[in-house]
Structure formats: C-alpha cells, structure tokens
Amino acid sequence: QPENLQKNWLREFYQVVHAHKPHFMALHCQEFGGKNYEASMSHVDKFVKELLSSDAMKDYNRARVYLDENYKSQEHFTALGSFYFLHESLKNIYQFDFKAKRYKKVTGKEIYSDTLESTPMLEKEKFPQDYFPECKWSRKGFIRTRWCITDCAFDLVNIHLFHDASNLIAWETSPSVYSGIRHKALGYVLDRILDQRFEKVSYFVFGDFNFRLDAKAVVETLCAKATMQTIRAADTNEVVKLIFRESDNDRKVMLQLEKKLFDYFNQDVFRDNNGTALLEFDRELSVFKDRLYELDISFPPSYPYSEDSSQGRQYMNTRCPAWCDRILMSHSAKELILKSENDEKIVIYDHIGPNVCMGDHKPVFLSFRIAAGAGKPIANVHKCCVVQ
C-alpha cells in the first residue's frame with residue numbers, strides 16, 4: 001500500500017522535523033524504490049516532489065537530492081537515495097567537489113539521478129559481487145558526500161550492508177558467516193573514506209547496516225529450557241526446520257526456525273523496555289570500537305516490522321528482530337556533537353513512528369547541535385574559503 005504508507009511515513013517524519021527544527025538535515029534512504037524499481041518509479045517521484053514542496057519543509061530553501069535510479073546497470077545500481085536540506089537561516093554552507101578538490105557554495109535546490117557516477121559532488125560505489133556471491137542481484141554499497149558548515153567539515157556516508165540470507169545458517173555459528181561479510185564491507189568503506197586522496201575529516205556513517213543479534217546466543221537464551229526437534233528434507237537430508245518446545249507445559253512450541261521464518265511465541269521480549277535485555281547480543285559493532293562510536297541505543301529493534309498498515313508495533317515472523325538501522329560516527333565526530341554549550345540534553349538518538357507502520361524498517365534519527373567553529377581543532381578547514 002505505497003500511497004497510504006508514504007502518507008504515514010511523511011507525517012511521522014515531518015513531526016520529528018517540527019519538533020527538532022534542524023538547520024541542516026540529512027536523510028539517507030536504502031532500497032529506494034523498492035525491490036521492483038521500474039514499477040515503483042512513480043512512487044519515488046511523488047515522494048521526492050512532496051519532500052521538496054511540502055509546507056512542512058518550506059523554510060528549507062536549499063536542497064541536494066541524489067538518487068541512484070540507474071537500475072538497468074547491474075554493475076553500478078545501489079538503490080540509494082541521499083537528501084540534504086538547508087534551512088534559510090543557515091548561512092555559508094559549502095559542499096565538496098571530489099573532482100575539483102574544492103568546496104562550492106550551496107545555493108538553490110538540485111536533484112541528481114540516473115548516473116551518479118558522473119556527479120563530482122559525491123563518491124558512490126557498489127560492493128563487488130564476490131563479497132556476497134550467493135546474492136546475485138545485490139544492490140549493496142555506499143554514497144559519500146562532504147560538507148562544511150561554520151568552518152566544520154564532515155563526511156556523510158549513506159550505507160547499505162549485506163543481509164542474512166538464511167536464519168538456519170545464521171544460527172549455525174557465532175559470529176555468523178553473514179556477520180563476517182558485513183564486517184568486511186564496512187571495513188572497506190572506512191578504509192575508502194580515510195585513504196590518502198583527500199584531507200581527513202570527521203565522518204558520520206548511517207543507513208541500513210543489517211547488523212543482526214548473535215543468533216545462536218539469542219536462541220539459546222530465549223529457549224534455554226526447550227528441547228529441539230530437527231526436520232530434514234526427505235530427498236536431500238538437509239535441515240529445513242528447527243522446532244523448540246518447552247520441556248513441560250504440554251510441550252508448547254516456543255520457536256520455529258526456517259530459512260526465512262523466525263516465529264517466537266512472545267514478541268514482547270523484543271518490545272519491553274525497548275528490547276534492552278537483548279542488547280548484549282548486538283555484537284557486530286564491537287570489531288570497530290576503535291574506529292566508530294555510537295550513542296546508547298534506547299529504542300526497540302528497528303527491523304523487521306509488519307507491513308500491515310494496521311500493525312504499527314508488530315514484528316514480522318521472518319527474522320529475529322535486530323537493530324539494523326544505525327547512526328555511527330568517527331571519534332572526532334563524537335567530540336563535535338558532545339561539546340554542548342550547556343547541560344541541556346541536546347543530543348537525541350531515537351526512532352521515528354513507534355506506533356505507526358513505516359514499512360519493514362523503522363527510521364532512526366540523531367539530532368544534535370554543533371557549536372560554531374567546533375571542528376577547527378580536528379580538521380584544517382580553512383579551505384572552505386576556496387569556493388566557486
């Protein structure tokens with residue numbers, strides 16, 4: 001129901017914009033246009049037009065929109081969409097031209113789509129096929145832009161990492177094979193944005209990381225007192241289903257696990273107290289603790305929510321709920337956002353639309369202030385003055 005869903009999604013998004021009144025806003029979308037891109041193009045166009053012309057966004061007089069719509073190119077297509085909105089009160093905003101290696105003043109509203117490879121204002125890459133060979137049509141990759149506001153330069157990276165292809169394979173080992181694939185891809189992105197081609201600046205990496213909970217540890221915890229039944233295919237003897245039953249209580253089924261089924265009898269464990277009891281199993285970021293920082297998570301797992309518009313809080317029984325959607329940053333970016341001028345809480349990390357169907361992912365947002373000149377000790381940004 002894209003028409004209805006888009007209306008709900010935008011309403012919830014605008015409420016957050018209205019509540020926080022950001023001067024600079026970055027919106028990163030993944031799988032933009034959905035799985036069937038050709039059929040979804042009209043919805044994409046409506047979404048973009050609505051965002052750029054809506055009353056809720058009328059005070060944002062400059063915008064940059066980058067949509068990867070080149071769906072006929074298997075080699076390059078990422079289905080990523082990056083939107084940047086600048087409030088009329090914000091003066092002297094510059095964006096980096098990666099080809100000319102200089103900053104340019106941002107004026108007006110511009111939309112770039114189709115072949116982003118030729119746009120000098122960003123870097124875009126799709127991950128090589130051999131990163132995840134079993135997923136032939138993968139669109140996973142990243143888009144990077146660089147900005148300079150009040151002498152503070154930073155990179156914003158829109159990222160989409162690889163998913164889990166099978167719950168049964170994810171359950172077999174800890175950490176899972178898919179976790180290793182995501183680790184490799186994220187390491188590639190960080191190496192790329194920190195290589196020698198450009199001056200190093202603070203960076204924020206945000207999007208769908210597809211991080212999953214440690215499946216083996218979660219199942220062993222949720223089903224600690226259960227007995228496991230294994231069901232195999234008659235022709236291949238391959239495991240096709242695991243059923244965990246309570247040892248007593250009439251052998252009640254607690255969890256059923258298949259390639260694309262994770263059916264646990266009590267979803268409240270993922271919602272109560274924002275799923276905090278399961279955060280200890282969210283371990284994929286620990287490998288990057290020297291390179292990436294994240295604020296404390298205080299919202300429930302962001303995926304996979306039901307796409308039934310009447311079920312805003314219900315999870316789908318396809319995957320173990322997990323915090324897939326994240327906003328991560330370099331340690332220098334952490335210093336930027338935590339330097340508040342007083343003690344009021346001005347850093348908020350939360351999700352959007354907790355009680356409304358937003359699609360299978362709940363969007364996650366980070367709101368913070370940067371003091372003028374905050375970035376000067378970190379990055380030598382006097383080059384912001386060299387503009388066209």
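The values are calculated or read from the model by the stated rules, or taken from the named source; none is laboratory data. Values in this document were obtained by computation on a predicted structure and should not be read as measured data. Note that each Cβ is placed from the backbone with ideal geometry, even for glycine, and that neighbours are counted across all protein chains shown. Side chains are part of the model used for accessible areas, which takes the heavy atoms of the whole protein and leaves out ligands, DNA and RNA. Shrake-Rupley method; radii C 1.70, N 1.55, O 1.52, S 1.80 Å.
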Say we join alpha carbon atoms closer than 10 Å with springs in a Gaussian network model of the chain; which of 100, 234, 19 then has the biggest fluctuation? 234
Enumerate by residue number the trypsin sites (Lys or Arg not before Pro) in segment 154-199 meeting two conditions: DSSP loop (anything except H, G, I, E, B), and at most 16 other Cβ atoms within 10 Å of the site's Cβ. 197
What is the sum of charges, Lys and Arg at +1 and Asp and Glu at -1, for the other residues whose Cβ falls under 11 Å from the Cβ of residue 108? +3
Can you pull out the chymotrypsin sites (Phe, Trp or Tyr not before Pro) in segment 106-194 that DSSP calls coil and that have at most 13 other Cβ atoms within 10 Å? 137
Show the residues, 5+ positions off or on another chain, whose built amide H is closer than 5 Å to the amide H of residue 141. 127, 160
Exposed-site-free run, longest, the chain (rule: GluC sites (Glu not before Pro); DSSP loop; at most 14 other C-beta within 10 Å): 1-74
On a 0 to 90 degree scale, rounded to 10, what angle separates helix 37-53 from the longest Cα axis of the chain? 50 degrees
Less than 17 Å from a label point 7 Å out along the Cα-to-Cβ axis of residue 200: which backbone N atoms in segment 254-288 qualify, by residue? 288
Given 353, 149, 78, which one lies farthest toward the positive end of the charge dipole of the chain, if we put +1 on the Cβ of every Lys and Arg and -1 on the Cβ of every Asp and Glu? 149
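Determine the gain in length on full extension of the stretch residue 135-residue 89; use 0.36 nm per residue of separation and subtract their C-alpha separation, reporting nm with one decimal.
Difference between extended and current length: 12.0 nm.
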Beyond 24 Å between alpha-carbons counts as too far, so tell me which of 140/184; 7/49; 58/200; 58/91 fall in that bin. 58/200
Shape verdict for segment 226-277, please, from the Cα gyration tensor: rounded (a/c under 1.5), prolate (a/b greater than b/c) or oblate. oblate
Environment charge of residue 164, counting only residues whose C-beta is closer than 9 Å and scoring Lys/Arg +1, Asp/Glu -1: +2
Compute the length gained on full extension between residue 346 and residue 248: take 0.36 nm times their separation in residues and subtract their Cα-Cα distance, giving the result in nm to one decimal. 30.2 nm
Those residues of segment 27-56 whose amide nitrogen sits under 15 Å from the label point placed on residue 3, 7 Å along Cα→Cβ: 42-44, 46-47
Relative to the first principal axis of the alpha-carbon coordinates of the chain, what is the inclination of helix 177-193, with its axis defined by its Cα atoms, in degrees from 0 to 90 and to the nearest 10? 10 degrees
In Å², rounded to a whole number, the accessible area per residue of the chain with probe 1.4 Å is 47 Å²
Pop out the carbon and sulfur fraction of the accessible area of the chain as a percent, whole number, probe 1.4 Å. 49 percent
Listed residues 127, 39, 321: farthest to the positive end of the dipole of the chain (Cβ charges): 127
If I model a spin label as a point 7 Å beyond the Cα along the Cα-Cβ vector, how far apart are those points for residue 56 and residue 73 in nm? 3.2 nm
Taking the Cα centre of segment 201-288 as origin, sum charge times position over the Cβ atoms of Lys and Arg (+1) and Asp and Glu (-1), and report the length of that vector in debye to the nearest 20. 200 debye
Estimated inter-spin distance, residue 224 and residue 268, nm [label 7 Å along Cα→Cβ]: 1.8 nm
Which residue fluctuates the most in the chain, going by a Gaussian network model with Cα springs under 10 Å, if the choices are 160, 361, 20? 20
